[in-house]
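Visitor: Please find one structure pasted underneath; my questions will follow.
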Amino acid sequence: MESKLTIYNTLTRSKEVFVPLDPPLVGLYVCGPTVYGDPHLGHARPAVTFDLLFRYLTSLGYRVRYVRNITDVGHLENDADEGEDKISKKARLEQLEPMEIAHYYTVRYHRYMDALGMLSPSIEPQASGHIIEQIGMVKQILEAGYAYESNGSVYFDVEKYNRDHRYGRLSGRNIDDMLANTRELCGQDDKRYSFDFALWKKAGPEHIMRWPSPWSDGFPGWHMECSAMSRKYLGDRFDIHGGGMDLVFPHHEAEIAQSTAACGHEAARYWMHNNMLTINGQKMGKSLGNFITLEELFTGSHPLLEQPYSPMTIRFFMLQAHYRSTLDFSNEALQAAEKGLDRLMKAVETLNKLGASAGKSTVDVGDLERRYTEAMNDDLNSPMVIAALFDWTRTINQLHDGSQKISSEDLARLKMLVNMIVFEVLGLRDEKAADTVGGTDHLTPVVDLLLELRAEAKTNKDWPLSDRIRNRLADAGIKVKDQKDGPSEWTIE
RNA sequence: GGUGCGAUGGCCGAGUGGCUAGGCUCAGGUCUGCAAAACCUGCUACAGCGGUUCGAAUCCGCUUCGCACCUCCA
């Protein structure tokens with residue numbers, strides 16, 4: 001843990017050296033999905049970002065408790081505390097229990113996250129399972145005087161909070177200005193000011209999801225769940241809170257206010273936010289018709305997609321951009337990522353089969369190690385790591401064809417390093433290798449026989465036969481690669 | 001309107017005072033019976049206008065354009 005990992009803290013708008021509160025433990029909380037619809041491309045970005053962080057911290061020797069919530073209640077359609085609960089609405093439309101909706105989409109979410117190679121969080125708490133904790137925290141905020149009850153609902157008193165602490169620091173908002181401009185009170189509403197947010201909402205008669213509380217039968221405000229659950233599992237103070245940039249305001253701003261009001265101090269030390277993903281230069285939105293689910297992506301079943309893209313292609317594509325940059329999705333970019341990943345995985349395979357050369361190394365394995373460490377420590381600069389890996393892809397191919405040399409000691413170190421970076425930290429998986437399991441055992445002797453016959457044909461300079469075998473195998477999805485010396489190799493495409 | 005972020009070669013995408021990012025595409029070459037793969041070579045860019053500097057894509061200012069959040073969205 002000597003490394004100097006720096007991460008960009010949204011709170012200070014600068015890169016800071018990461019110092020855990022209680023090493024080797026690290027507490028990481030990330031806002032998870034609201035499970036009312038199929039997981040889409042946008043869900044993959046924070047998942048990849050924080051999976052990378054989780055994996056890297058773990059590889060540095062930290063014991064990370066990674067908490068990612070499932071929002072199954074309280075997330076309304078409109079943040080002005082109007083509108084229907086998202087889960088309830090879906091349940092009503094599909095004539096199902098809200099918990100059926102939540103369960104169905106939670107399972108789907110897990111399935112696609114698994115496909116994308118995400119490690120499971122340490123704890124994945126559901127908002128509906130933590131109503132008691134949320135009510136408890138609302139009580140504390142009321143006792144501290146930073147909330148008021150109004151007609152069975154409880155609202156956070158932003159104006160009062162702002163007098164004692166500063167509201168809006170994370171998102172760069174100035175409440176004083178907002179106050180000056182918003183002198184008129186929200187007349188018919190229960191709230192005093194439009195920017196006050198609900199901690200507890202009284203449920204109308206049509207509301208299915210409701211729990212008893214000291215104030216009314218109702219349900220918690222959306223922001224409460226993260227404050228209550230992060231506190232329960234990570235404590236009053238914890239290291240890192242993450243999420244998408246779109247959550248900075250109001251969600252995370254409200255979380256900070258809630259935690260500070262209840263505990264007297266802020267909860268999270270570092271706030272990390274991944275940037276958004278655009279599709280052909282536009283943000284993804286249901287109304288824009290460019291809303292692509294992960295299922296559509298993996299099967300190619302969306303009008304915008306020229307072909308299916310594998311889960312690892314998506315993961316690699318995202319890792320090729322820095323998590324704080326906007327990333328533009330396009331068929332061209334995805335196809336480039338697919339080819340690049342293929343090149344990289346082939347090199348890893350080549351490396352793992354490689355034997356040491358005689359004599360001293362002509363390559364410096366330390367170069368990869370230094371570049372990897374430096375890049376990851378610089379706010380998880382995965383694109384730089386991948387650039388280094390591609391430089392070493394060339395080197396590995398040169399070792400393979402003998403134009404470079406490597407000692408057995410260096411080779412062992414290189415194999416260890418490359419496999420660690422590619423599989424354990426970047427979390428990639430060799431999809432082609434995985435595909436062949438099951439079929440290969442029976443196929444191998446057959447293909448080997450055909451290649452033997454082809455080798456004989458080649459010896460006899462019977463090119464038509466040789467090419468026929470190669471072409472027919474290609475038609476069957478088996479690609480033949482002739483070697484300079486030795487038998488031909490083959491791979492399933 | 002408010003708050004932020006950005007504009008990099010054919011495409012994607014790093015970098016951030018002086019030294020080739022990388023991937024994909026394209027062109028030429030080596031190898032090969034021919035392919036494929038691999039390797040070598042080439043295409044050398046930083047929105048515009050000013051300023052600071054010995055030197056700026058990188059710092060400062062202005063302009064133009066784009067994006068995100070402020071309203072449901074990861």
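Visitor: Hey, could you grab the Kirkwood Rh for the range A:1-141? Inverse mean 1/r over distinct alpha carbon pairs, Å, one decimal.
Guide: Result for the range A:1-141, one decimal place: 17.1 Å.
Visitor: Setting aside same-chain residues fewer than 8 positions from A:Lys160, which aspartates and glutamates have a Cα under 12 Å from its Cα?
Guide: Leaving aside aspartates and glutamates fewer than 8 places away in the same chain, those within reach of A:Lys160 are A:Asp176, A:Asp196.
Visitor: What is the range A:114-250 by shape, rounded, prolate or oblate, if you read a ≥ b ≥ c off the alpha carbon gyration tensor as root eigenvalues and call it rounded for a/c under 1.5, prolate for a/b larger than b/c, and oblate otherwise?
Guide: Oblate.
Visitor: Starting from the alpha-carbon convex hull of the range A:210-361, give the projected area averaged over all orientations, in nm².
Guide: 15.6 nm²
Visitor: Now for a separate question. Rounded to the nearest percent, how much of the accessible area of the range A:280-417 (1.4 Å probe, protein heavy atoms only) is carbon and sulfur?
Guide: C and S fraction of accessible area: 50 percent.
Visitor: Can you tell me the accessible area per residue over the range A:224-341, all protein chains present, probe 1.4 angstrom, in square angstrom?
Guide: About 36 Å² of surface per residue is accessible.
Visitor: To the nearest 0.05, what FRET efficiency results for A:Asp475 and A:Glu94 with a Förster distance of 45 Å applied to their C-beta separation?
Guide: The formula returns an efficiency of 0.50 here.
Visitor: How much of the DSSP bridge set in the range A:38-180 is antiparallel, in percent, rounded to the nearest 5?
Guide: 75 percent
Visitor: Between the alpha-carbon centers of the range A:85-101 and the range A:326-376, tell me the distance in whole angstrom.
Guide: One Cα centre to the other: 46 Å.
Visitor: Determine the percent antiparallel among the DSSP beta bridges restricted to chain A, to the nearest 5.
Guide: For chain A, the DSSP antiparallel bridge percentage is about 50.
Visitor: How much solvent-accessible surface does A:Arg470 expose, in Å² to the nearest 10, with a 1.4 Å probe and all protein chains in place?
Guide: A:Arg470 has an accessible surface of roughly 90 Å² with all protein chains in place.
Visitor: Are any of the pairs A:Lys15/A:Lys339; A:Lys4/A:Lys353; A:Lys139/A:Lys202; A:Lys353/A:Lys479; A:Lys139/A:Lys191 more than 23 Å apart by Cα-Cα distance, and if so, which?
Guide: Those over the limit are A:Lys15/A:Lys339; A:Lys4/A:Lys353.
Visitor: Something else now. Only bridges with both residues in the range A:187-325 count here: give the DSSP antiparallel percent, nearest 5.
Guide: 50 percent
Visitor: Turning to a different aspect of this structure: Consider all pairwise Cα distances in the range A:360-425 and report the whole-number % of them above 21 Å.
Guide: Here the long-distance tail beyond 21 Å is 20 percent of all Cα pairs in the range A:360-425.
Visitor: To continue, here is another question. Using only the alpha carbons of chain A, what is the convex hull's orientation-averaged projected area in square nanometres?
Guide: Its average projected convex-hull area is 27.6 nm².
Visitor: Same structure, new question: How high is the relative contact order of chain A, in percent, with contacts defined as C-alpha pairs under 8 Å that are six or more residues apart?
Guide: 16 percent
Visitor: I need the peptides A:207-215, A:248-256, A:54-62 ranked by packing, meaning the mean over residues of other C-beta atoms within 10 angstrom, with the highest value on top.
Guide: Peptide ranking by packing, descending: A:248-256, A:54-62, A:207-215.
Visitor: Then there is this: Residues of the range A:444-492: accessible area per residue at 1.4 Å, in Å²?
Guide: Dividing the accessible area of the range A:444-492 by its residue count gives 72 Å².
Visitor: Mind giving me the nanometre distance, one decimal, between the label points for A:Glu452 and A:Lys339, set 7 Å out from Cα along Cα→Cβ?
Guide: 3.8 nm
Visitor: Using the structure shown, list the pairs from A:Lys415/A:Lys481; A:Lys346/A:Lys458; A:Lys201/A:Lys283; A:Lys346/A:Lys432 with a Cα-Cα distance above 20 Å, or answer none.
Guide: With Cα atoms farther than 20 Å apart: A:Lys415/A:Lys481; A:Lys346/A:Lys458; A:Lys201/A:Lys283.
Visitor: Given a 1.4 Å probe, how much area per residue of the range A:1-153 is accessible, in Å²?
Guide: Accessible surface, normalised per residue, equals 42 Å².
Visitor: Could you work out what % of the accessible surface of the range A:1-151 is carbon and sulfur, using a 1.4 angstrom probe and leaving DNA, RNA and ligands out of the count?
Guide: Ligands and nucleic acids excluded, carbon and sulfur give 50 percent.
Visitor: How much FRET efficiency would the formula 1/(1 + (r/R0)^6) give for A:Asn174 and A:Gln282, where r is the Cβ-Cβ distance and R0 is 25 Å, rounded to 0.05?
Guide: 0.25
Visitor: For chain A, what does the helix formula give at 222 nm: sum of -39500 (n - 2.57) over DSSP H segments with n ≥ 4, over the residue count, nearest 500 deg cm²/dmol?
Guide: -14000 deg cm²/dmol
The values are calculated or read from the model by the stated rules, or taken from the named source; none is laboratory data. What you see is a predicted model, and the numbers here were worked out from it, not measured in a lab. Positions of Cβ are generated from backbone atoms using ideal geometry, with glycine treated the same way; all protein chains shown enter the neighbour counts. For the accessible areas, the whole protein counts, side chains as well, though only heavy atoms, and no ligand, DNA or RNA atoms are used. Shrake-Rupley method; radii C 1.70, N 1.55, O 1.52, S 1.80 Å.
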